[in-house]
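**Q** The structure is given below, and queries will be raised subsequently.
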Amino acid sequence: MKRRIHAIAGMIGFFTILTFWTTTVISELFGSYVTIAGVKQMILYGMMLLVPALMVTGGSGMSLGAKRKDPKTLAKKKRMPFIAANGLLILVPSAVFLATKSAAGSFDGWFYSVQALELVAGATNLTLIGLNIRDGLTMTGRIGRKKKVAR
């Protein structure tokens, strides 16, 4: 059951970040200032789903891998502190800053500088979480198995 919870929470976290990232890019490229402000506000609301999902993922992952010393588990353990720090120190404050600035209609150099930082940090977390998902699927045998060919 713990593995299933870990997997579900991890996928929720990954797809929530992916949704934040893609809606941001689309709204910035094709949307009005009102659309951008709406997206930034919805991202703040989405944090109520994302933060607990990532906490459950991290906690259950540490529990599942507590005694494991294999290379894939160690790689996942090394990525998690960076994912968490990136989220707590860059992504969450950026989301609050951008929502506040966009709600005030202040689309200035600071807004776009922080927006660029947020997109890079978000892409970094997507990559690292994606690597953890890949390693987890390999560890459970869901990917990487060679299929037997019937003769």
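Residue-by-condition table, conditions (1) under 20 Å from ILE17 (Cα atoms); (2) among the small types (Gly, Ala, Ser):
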residue: ASP70; (1), (2): no, no
residue: PRO81; (1), (2): yes, no
residue: ALA84; (1), (2): yes, yes
residue: GLY87; (1), (2): yes, yes
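**Q** OK, next. Kindly indicate the residue of region 18-38 that is under 24 Å from GLY105 (Cα atoms) and in contact (Cβ under 8 Å) with a residue 60 or more places away in the chain and also surrounded by the most Cβ atoms within 10 Å (Cβ to Cβ) among those meeting that condition.
**A** The qualifying residue surrounded by the most Cβ atoms within 10 Å (Cβ to Cβ) is PHE20.
**Q** When the residues of region 115-137 are filtered to those that are among the polar types (S, T, N, Q) and surrounded by fewer than 18 Cβ atoms within 10 Å (Cβ to Cβ), which remaining residue is farthest from GLY65 (Cα to Cα)?
**A** In this case the residue turns out to be THR124.
**Q** May I ask you to verify whether ALA84 is within 17 Å of THR100 (Cα to Cα), in contact (Cβ under 8 Å) with a residue 12 or more places away in the chain and out of contact with any strand residue (DSSP E or B) (no Cβ under 6 Å at 6 or more places or on another chain)? Can you show your working first?
**A** Values: within 17 Å of THR100 (Cα to Cα): no; in contact (Cβ under 8 Å) with a residue 12 or more places away in the chain: yes; out of contact with any strand residue (DSSP E or B) (no Cβ under 6 Å at 6 or more places or on another chain): yes.
No; evaluated as a whole, the condition is false for this residue.
**Q** Can you confirm whether region 56-70 contains a residue that is at pLDDT 95 or above and over 14 Å from the mean Cα position of the chain (by Cα)?
**A** no
**Q** Starting from residues that are surrounded by fewer than 15 Cβ atoms within 10 Å (Cβ to Cβ) and among the aliphatic types (A, V, I, L, M), keep the ones in region 45-63 and report whichever is farthest from ALA116 (Cα to Cα). Steps first, please.
**A** Of the residues in region 45-63, the ones surrounded by fewer than 15 Cβ atoms within 10 Å (Cβ to Cβ) are 45, 48-49, 52, 55, 59, 62-63.
So of that shortlist, the ones also among the aliphatic types (A, V, I, L, M) come out as 48-49, 55, 62.
Numbers: MET48: 23, LEU49: 23, MET55: 25, MET62: 31 Å.
Filtering first and then ranking leaves MET62.
The values are calculated or read from the model by the stated rules, or taken from the named source; none is laboratory data. Source: prediction; values computed, not measured. Neighbour counts are summed over all protein chains in view; Cβ atoms, including those assigned to glycine, are modelled from backbone coordinates with ideal geometry.
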